[in-house]
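Notes follow the structure.
The values are calculated or read from the model by the stated rules, or taken from the named source; none is laboratory data. Nothing here was measured: the structure is a model prediction, and the numbers come from that model. When we count neighbours, we look across all protein chains shown, and the Cβ atoms used for this are built from the backbone with ideal geometry, even at glycine. Protein only, heavy atoms only, side chains kept; ligands, DNA and RNA dropped before computing areas. Shrake-Rupley method; radii C 1.70, N 1.55, O 1.52, S 1.80 Å.
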Amino acid sequence: MAAPKQVTVGPLVGAVVQGTNSTRFLVFNSKTAELLSHHQVELTQDFPKEGWVEQDPKEILQSVYECIERTCEKLAELNIDISNIKAIGVSNQRETTVVWDRLTGEPLYNAVVWLDLRTQSTVEALSKKIPGNNNFVKSKTGLPLSTYFSAVKLRWMLDNLRNVQKAVEEGRALFGTIDSWLIWSMTGGTNGGTHCTDVTNASRTMLFNIHSLEWDKELCDFFEIPMNILPNVWSSSEIYGLMKDGSLEGVPISGCLGDQSAALVGQMCFQEGQAKNTYGTGCFLLCNTGRKCVFSEHGLLTTVAYKLGKDKPVCYALEGSVAIAGAVIRWLRDNLQIISTSDEVENLAKQAGTSYGCYFVPAFSGLYAPYWEPSARGIICGLTQFTNKCHIAFAALEAVCFQTREILEAMNRDCGIPLSHLQVDGRMSTNKILMQLQADILHIPVVKSVMPETTALGAAMAAGSAEGVGVWSLEPENMSAIMMERFEPQIQATESEVRYSTWKKAVMKSMGWVTAQTHESADSAMLSSLPLGFFIVGSMVMLIGARYISDLSD
């Protein structure tokens with residue numbers, strides 16, 4: 001019997017999506033953006049002490065190799081020739097910090113994950129060194145001093161781990177975020193691996209000048225970080241090196257983006273003023289501000305959006321976060337147990353069709369932008385004898401939408417140009433009730449790609465369009481049309497305003513529940529990183545249910 005005929009497809013591009021809870025490898029047709037196959041591997045997290053979150057860098061690397069091999073096997077089963085894969089892009093959880101030995105290739109400590117809180121005392125000590133009238137850290141990086149970013153995690157390692165100190169002294173240590181660790185290892189490791197990162201990931205370290213696009217000596221001196229351990233900074237789309245092992249040996253790795261930037265590219269938000277919101281455990285809302293840095297006066301981050309080629313211009317973004325999105329659904333499931341799976345919340349909300357005057361403020365560990373009120377606690381108010389679990393489920397979904405509106409209003413004030421629509425992705429965006437509520441509460445259309453893997457798509461687009469690869473065109477007229485689902489507001493603007501103002505009233509009632517004396521340490525932790533305390537607050541909340549944390553880019 002003749003062997004099955006191989007399917008002819010256009011050039012293919014693979015994308016590694018390395019997230020907090022899992023790793024995936026996905027393969028796309030570069031001409032149609034069609035997802036052909038993928039594989040996912042769940043990851044473990046370690047919690048050595050309260051507030052500490054770590055992962056094994058070797059387990060992360062092995063999960064990437066496993067996903068690549070299994071995806072190649074699946075393609076073979078579909079009679080698709082893997083030699084058609086012309087490039088690989090990498091998207092990664094941001095800020096997570098790794099230090100390894102360049103001679104042995106061994107990590108010198110576990111990866112310290114982005115939501116780890118052990119560096120609070122480091123942040124407090126460093127904040128005293130910043131002149132009150134010259135916050136050069138924020139002006140150069142667009143970031144506040146916070147436990148969230150890589151520099152303070154690296155500083156903690158240098159202060160507390162003798163083997164890291166010794167490796168630095170002996171010139172053996174290399175530092176990087178997850179993208180750097182993966183690319184160095186996959187391009188040869190100890191045998192000539194490329195020690196690099198891209199501008200989007202570098203901009204999350206707090207050591208990178210987002211204006212000059214270089215590591216900044218003043219910042220490195222401030223954090224006392226030796227510059228010789230830092231990776232070389234490249235654009236988000238160029239050939240960093242070739243795969244040295246496995247089924248895809250010899251294929252160039254030519255795209256690299258932090259996960260939220262990858263989602264922005266995957267949503268094709270290439271025009272100034274375009275924005276996307278990724279709904280996962282929390283929400284990440286990014287707005288493309290074009291070639292200019294816009295510094296927020298309303299608690300948002302200024303960050304590098306992408307630089308799609310060595311000679312291409314850099315684009316910037318404003319970023320705002322909602323700490324409690326999918327986390328509130330898990331709270332209904334795990335704490336109240338009114339649902340047994342997260343998917344059930346959509347059915348409950350659909351049955352109710354309204355919150356019936358019930359409002360949910362999920363301030364489980366205080367309020368963040370625009371309030372920065374650590375004394376607040378979560379409340380469900382407006383209850384009557386008629387209220388049931390369906391109304392509470394509806395109110396929980398509305399809470400995600402109200403919080404997103406608060407971030408969007410801050411973004412509109414900073415940008416000066418109100419958004420005409422909001423592009424969305426992420427695991428929660430499959431909830432049609434949530435998406436319709438979001439359109440109603442924002443009173444602008446919400447547009448969702450039918451292809452939900454926008455983070456992977458963005459990494460693939462960056463890799464496929466790189467110079468020397470050239471299988472994916474980013475020119476508007478050449479980009480494949482991706483089917484979109486559009487949710488139009490279905491209520492009057494006046495009703496939207498009434499519901500939003502009532503939510504604001506509920507928010508005010510959530511304040512003042514905890515005194516400073518009762519939770520002095522928690523309050524100081526939150527206040528010390530203003531105006532972006534939500535990163536600490538969000539991390540604390542997420543740690544409560546850390547075993548359930550899903551990739552924010554999903």
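Report whether or not THR177 is in contact with a Ser or Thr (Cβ under 7 Å, 6 or more places away or on another chain), in contact (Cβ under 8 Å) with a residue 60 or more places away in the chain and open to solvent by less than 10 Å² (accessible area, probe 1.4 Å). Spell out how you get there, then give the answer.
Details: in contact with a Ser or Thr (Cβ under 7 Å, 6 or more places away or on another chain): yes; in contact (Cβ under 8 Å) with a residue 60 or more places away in the chain: yes; open to solvent by less than 10 Å² (accessible area, probe 1.4 Å): yes.
So THR177 passes the test.
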Query raised in the report: Only one of (1) surrounded by fewer than 19 Cβ atoms within 10 Å (Cβ to Cβ); (2) under 22 Å from the mean Cα position of the chain (by Cα); (3) among the small types (Gly, Ala, Ser) fails for SER203. Which number is that?
Result: (1)
Query raised in the report: Counting only residues that are in contact with a Gly (Cβ under 8 Å, 6 or more places away or on another chain), under 30 Å from TYR500 (Cα atoms) and modelled with pLDDT of 90 or more, how many does the range 432-479 have?
Result: 0
Report task. Among the numbered conditions (1) crowded, with 23+ Cβ neighbours inside 10 Å; (2) in contact (Cβ under 8 Å) with a residue 60 or more places away in the chain; (3) under 29 Å from ALA125 (Cα atoms), tell me where PHE222 comes up short. Result -> (1)
**Report entry** Checking ALA263 against (1) open to solvent by 10 Å² or more (accessible area, probe 1.4 Å); (2) at pLDDT below 95, the condition it does not meet
**Finding:** (1)
Query raised in the report: In the range 246-278, what count of residues is obtained for those that are farther than 19 Å from ASN92 by Cα, touching a Gly at 6+ places or on another chain (Cβ under 7 Å) and part of a strand (DSSP E or B)?
Result: 0
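Give the number of residues within the range 447-468 that are hydrophobic (A, V, I, L, M, F, W, C) and open to solvent by 10 Å² or more (accessible area, probe 1.4 Å).
Step one: list which residues in the range 447-468 are hydrophobic (A, V, I, L, M, F, W, C), which gives 447, 450-451, 456-457, 459-463, 466.
This time we only want the ones that are open to solvent by 10 Å² or more (accessible area, probe 1.4 Å), so: 447, 450-451.
Counting residues in the range 447-468 that are hydrophobic (A, V, I, L, M, F, W, C) and open to solvent by 10 Å² or more (accessible area, probe 1.4 Å) gives 3.
Yes/no matrix, rows are residues, columns are (1) under 29 Å from LEU474 (Cβ atoms); (2) in contact with a Leu (Cβ under 8 Å, 6 or more places away or on another chain); (3) without any contact (Cβ under 8 Å) to a residue 60 or more places away in the chain; (4) not aromatic (Phe, Trp, Tyr):
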{"position": "SER261", "(1), (2), (3), (4)": "yes, yes, no, yes"}
{"position": "MET268", "(1), (2), (3), (4)": "yes, no, no, yes"}
{"position": "TYR306", "(1), (2), (3), (4)": "yes, yes, no, no"}
{"position": "SER321", "(1), (2), (3), (4)": "yes, yes, no, yes"}
{"position": "GLU346", "(1), (2), (3), (4)": "no, yes, no, yes"}
{"position": "ALA349", "(1), (2), (3), (4)": "no, yes, no, yes"}
{"position": "ALA352", "(1), (2), (3), (4)": "no, no, yes, yes"}
{"position": "CYS358", "(1), (2), (3), (4)": "no, yes, yes, yes"}
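Please tell me if ILE239 is within 17 Å of TRP184 (Cβ to Cβ), surrounded by 24 or more Cβ atoms within 10 Å (Cβ to Cβ), touching a residue at least 60 places away in the same chain (Cβ under 8 Å) and among the β-branched types (Val, Ile, Thr).
no
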Requested in this report: Select from the range 334-350 the residues that are modelled with pLDDT of 90 or more and within 24 Å of VAL424 (Cβ to Cβ) and write down the one among them that is surrounded by the most Cβ atoms within 10 Å (Cβ to Cβ).
Outcome: VAL345
Report task. Determine whether the range 295-317 contains at least one residue that is touching a His at 6+ places or on another chain (Cβ under 6 Å) and at pLDDT 85 or above. Result -> no
Query raised in the report: So TYR148 fits all but one of (1) within 17 Å of ARG204 (Cβ to Cβ); (2) not in a loop (DSSP other than H, G, I, E, B); what number is the exception?
Result: (2)
Query raised in the report: Among ALA111, ALA151, which is in contact (Cβ under 8 Å) with a residue 12 or more places away in the chain and farther than 22 Å from ALA263 by Cβ?
Result: ALA151
Query raised in the report: Hey, ASN288 hits all of (1) at pLDDT 90 or above; (2) surrounded by fewer than 19 Cβ atoms within 10 Å (Cβ to Cβ) but one; which does it fall short on?
Result: (2)
Query raised in the report: Inside the range 169-245, counting only helices (runs of 4 or more DSSP H) that do not spill past its ends, which hold 1 or more residues that are touching a His at 6+ places or on another chain (Cβ under 7 Å)?
Result: 178-186
Report task. Please work out which one of (1) in contact (Cβ under 8 Å) with a residue 40 or more places away in the chain; (2) under 23 Å from ILE178 (Cα atoms) is the condition GLU59 fails and give its number. Result -> (1)
Query raised in the report: Consider PHE270 against the criteria (1) more than 22 Å from ALA460 (Cα to Cα); (2) open to solvent by 30 Å² or more (accessible area, probe 1.4 Å); (3) of a type in the set (Phe, Trp, Tyr): it satisfies all of them except one. Which criterion is unmet?
Result: (1)
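Restricting to the range 273-310, and then to whatever is in contact with a strand residue (DSSP E or B) (Cβ under 9 Å, 6 or more places away or on another chain) and among the β-branched types (Val, Ile, Thr), can you tell me which residue is farthest from ALA410 (Cα to Cα)?
Of the range 273-310, the ones in contact with a strand residue (DSSP E or B) (Cβ under 9 Å, 6 or more places away or on another chain) are 273-279, 282-296, 298-310.
Still in the running and among the β-branched types (Val, Ile, Thr): 278, 289, 294, 302-304.
On the way: THR278: 17, THR289: 14, VAL294: 12, THR302: 13, THR303: 16, VAL304: 19 Å.
Looking at residues that are in contact with a strand residue (DSSP E or B) (Cβ under 9 Å, 6 or more places away or on another chain) and among the β-branched types (Val, Ile, Thr), I get VAL304.
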